[in-house]
Amino acid sequence: MTATSELIPAHPRPANAFPVDGRRLLIYVVYDPRGDVEDYVLHALTGLRRHMTRILVVVNGALTARGRERLSAVSDEVVERENRGYDIWGYKHGLDHVGGGIADYDEVVIANDTWYGPVRSFSEVFERMDERPVHFWGLTDHARVEPHPFTHTGYLPYHLQSYWIAVRRDMLLSPEWAAYWHDLPELTTYSDAVVKHEGVFTEHFTQHGFLGDVSFPLLLDTPENYPVMYARQLLEAGCPTLKRRAFFQWPPYLDQAGVVSRWTLDAAAEYGYPIDLIYADMARNVAPRVMNAGAALMSVLPEDDVSYDPAAPLRTLVIAHIFYPEMTEEMLDRADYLPGEYDLLITTPDENGAAEIRRRVADRSRRGDVEVRLLESNNGRDQGAFLVGCRDVILDGGYELLVKIHSKKTPQDGPAVGAHFKEQQFGNLLNSAGYAANVVALFQNEPGLGLAYPPTVHLGHPTIGHGWWENKPPFADWCRDLGIRVPLDEGSPLAPFGSMYFARPDALRLLVEHAWTYEDFGGADAYQDGGLAHVLERMPSYAAGERGYHTRTIAGSEYLSMSYTALSYNLDQLSMTMPGTTMDKIQLLRRLGEWDYGTARDLGRMFVALHLPQLRDRAKGLYHRTQRARGLFWRLRHPSSWRRG
């Protein structure tokens, strides 16, 4: 049985091709948590404009004035509604809004904003599908799955994916169509959207005799039944849309399926799609470490210059915080690897140190302006120096690129650990003239690139899985204060651990515009996890993402050869005692939850979580009810504690 055979009803009704000069309505549902509307949405609607008689945009949630203006420029009407019922109830709202006017159209396309495009030609798709006598059609389909992955009983029917369904006039005007939408149940979860609509729509109308079709059916020579798993092959087949989920699907899931989303990005770029639109959308709406893994945004750079354009130099400022004056020459030797001229701003908290640094700088040839700035405080160390002491030049200096470095010794660690961390930072930022030129070239070639820095240090440091430490709660608080709504990563943040990086000043604007003071950072005793300096060390990629800038991690091949082999061996050791794929192991560990050192209490809790989850859920419910009862009892005994309005 082919995939499309499931779209042929036992007793099909007569169906018609799309008429020449027919009229087509697009009902396009948008959800944007900020109300601004991403550029990829405007690109998609612009690409569809020539194929539509009318475009109605339904917005789940509120728009900003700018968002409404942008959508109005690429559509005929924009309607805002309460954000409930997911895109499905957005479709319903659009259909209700059109009402009896639906009879004016020969076909209605209901689509949402969960795809990028057009990557390939929409014209070819419409020309091909217009000729087919059908009642409804979709771009892509999903195979039958048994048991149902959401209900774990029965089956998930074969279905057209609901992000794009086109419906012809006979079906639009049928009583079955009106009844379906009238009786559509409330959808409160993503599972509801699949179980109550997407998974049943195709089978429901096929059973009523309506004939369906799919433009790009499942690739039958592959075992995957989910189009995200073969996004690149769909593009090669001519599909004009690329599902966004291909780039924010859980990376272990993609790993298990052997999907390399970077190859999909490369394919989209080869077909002419502006992938900077994908990067900007992901930077704002996907956790940075997920984006870094999903889009493979790590650049392994050669030591020879292969990409820098000397005809398009970037005005560059090196900001070097030097607490240890004896490291001055070493740091400036690294900075001199940068191509062309650069200005240098050195900060230091000690007057004697400043004098020594000035003497050392005076003995060197200069490639731009140099300033040694004496700070009034060392609170926050390099973070305070950067955000307080250099705020003026970052915001108003007219620079296109910043290079933030500092005199790193890490004396709190052992000599070998400290030496490795120092080399891991400088060696993956400024390792040679050719390497540094290639880093700058990344910013020349990608206008949306906001930051570049070494990958998370792990040799000698237990950062893997624990990179947040005690910093995540205050980090989330500061994100709210600064207006950063980028999703936070789970295990560890994507962050410049070591606090050295290349950055566009505009990418850091949300972070630098805040009027930080040295007092905010506290003294030396505040320089610890949970303190402001450690919180802000983890902030740059999230602040950049809010403004639509993405991050790349960068490394030299020599370092990566050591780093990867260590990581690979460590993962092998961690995986030895657990069954299944890497994804299976991760899911098993997550079900077991956090543990300390295998106490009897830990083991009992893990056994229940793994083998008796229903008992765990009942125990949680009992615990919460007990806590509420205790709280009520306490308030009854202490009436004076009640708040009075």
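Could you work out the relative contact order of region 201-297, using alpha carbon pairs under 8 angstrom and six or more residues apart, expressed as a whole percent? Display every interim value, and only then the final one.
Working: 60 pairs, mean separation 25.4, N = 97.
The normalised contact order for region 201-297 reaches 26 percent.
Compute the relative contact order of region 301-555 as a whole-number percentage, counting only Cα pairs closer than 8 Å that sit 6 or more residues apart in sequence.
26
Which peptide among 349-362, 273-286, 526-539 comes first, and what is the full order, when sorted by highest mean count of other Cβ atoms within 10 Å? All intermediate terms of the calculation are to be shown ahead of the outcome.
Numbers: 349-362: 15.6, 273-286: 21.6, 526-539: 19.2.
Highest-to-lowest ranking by the protection proxy: 273-286, 526-539, 349-362.
Show the residues, 5+ positions off or on another chain, whose built amide H is closer than 5 Å to the amide H of Val372.
So Val372 has HN proximity to Ile346.
Test of understanding: express the Cα radius of gyration of region 301-555 as a ratio to 2.2 N^0.38 Å, with N the residue count.
Computed over Cα atoms of region 301-555, the ratio equals 0.95.
Between Ala526 and Arg84, what's the calculated FRET efficiency when r is the beta-carbon distance and R0 is 35 Å? Round to 0.05.
0.20
Rounded, prolate or oblate: which fits region 59-157 when a ≥ b ≥ c are the square roots of the eigenvalues of the alpha-carbon gyration tensor, with rounded for a/c under 1.5 and prolate only if a/b beats b/c?
Here region 59-157 falls in the oblate category.
Looking only at region 21-219, where both bridge partners belong to it, what percent of the DSSP beta bridges are antiparallel (to the nearest 5)?
For region 21-219, the DSSP antiparallel bridge percentage is about 35.
Could you state the angle between the C-alpha long axis of helix 613-637 and the longest principal axis of the C-alpha atoms of the chain, as a value from 0 to 90 degrees rounded to the nearest 10?
70
Which of Lys585, Lys404 comes first, and how do the rest follow, when ranked by fewest Cβ neighbours within 10 Å?
Least crowded to most crowded, the residues run Lys585, Lys404.
Please report the antiparallel percentage of DSSP beta bridges with both residues in region 301-555, rounded to the nearest 5.
20
Exposure proxy check: Val439, Val98 ranked by fewest other beta carbons within 10 Å?
Val98, Val439
Quick one: how many lysine pairs in the chain have C-alpha atoms under 26 angstrom apart, if they're 8 or more apart or on different chains?
Eligible lysine pairs with Cα atoms under 26 Å apart amount to 13.
Given a cut-off of under 8 Å on Cα pairs at least six residues apart, what relative contact order in percent is computed for the chain?
12
Using a Förster radius of 30 Å, what is the FRET efficiency between Arg358 and Leu395 based on their Cβ-Cβ separation? Nearest 0.05, please.
0.70
Over all pairs of distinct alpha carbons, what does the Kirkwood formula give as the hydrodynamic radius of region 535-613, in Å?
For region 535-613, the Kirkwood estimate is 16.4 Å.
With r defined as the distance between the Cβ atoms of His182 and Arg480 and R0 fixed at 51 Å, what FRET efficiency is calculated, to the nearest 0.05? Intermediate results must be reported in sequence, preceding the final value.
Details: r = 41 Å, r/R0 = 0.80.
According to the calculation, E is roughly 0.80.
Could you give the C-alpha radius of gyration of region 21-219 expressed as a fraction of 2.2 N^0.38 Å, taking N as the number of residues it contains?
After normalising by residue count via 2.2 N^0.38 Å, the value is 0.99.
Pop out the ³J(HN,Hα) list for region 41-49 in order, Karplus 6.51 cos²θ - 1.76 cosθ + 1.60 with θ = phi - 60°, rounded to Hz; leave Gly and Pro as x.
After applying 6.51 cos²θ - 1.76 cosθ + 1.60, I find 5, 5, 5, 5, 5, 4, x, 8, 3 Hz.
Please report Cys479, Cys390 as a ranked list, fewest other C-beta atoms within 10 angstrom at the top and most at the bottom.
Working: Cys479 19, Cys390 22.
By the 10 Å Cβ count, ascending, the order reads Cys479, Cys390.
Rounded, prolate or oblate: pick one for region 363-435, where a ≥ b ≥ c are the square roots of the eigenvalues of its C-alpha gyration tensor, a/c under 1.5 means rounded, and failing that, prolate if a/b is larger than b/c, else oblate.
oblate
Read the figures in this text as sums done on the coordinates, not as results from a lab. Quantities reported herein were computed from a predicted structural model and do not represent experimental measurements. All Cβ positions, even for glycine, are placed from backbone atoms using ideal geometry, and neighbour counts span all protein chains on display.
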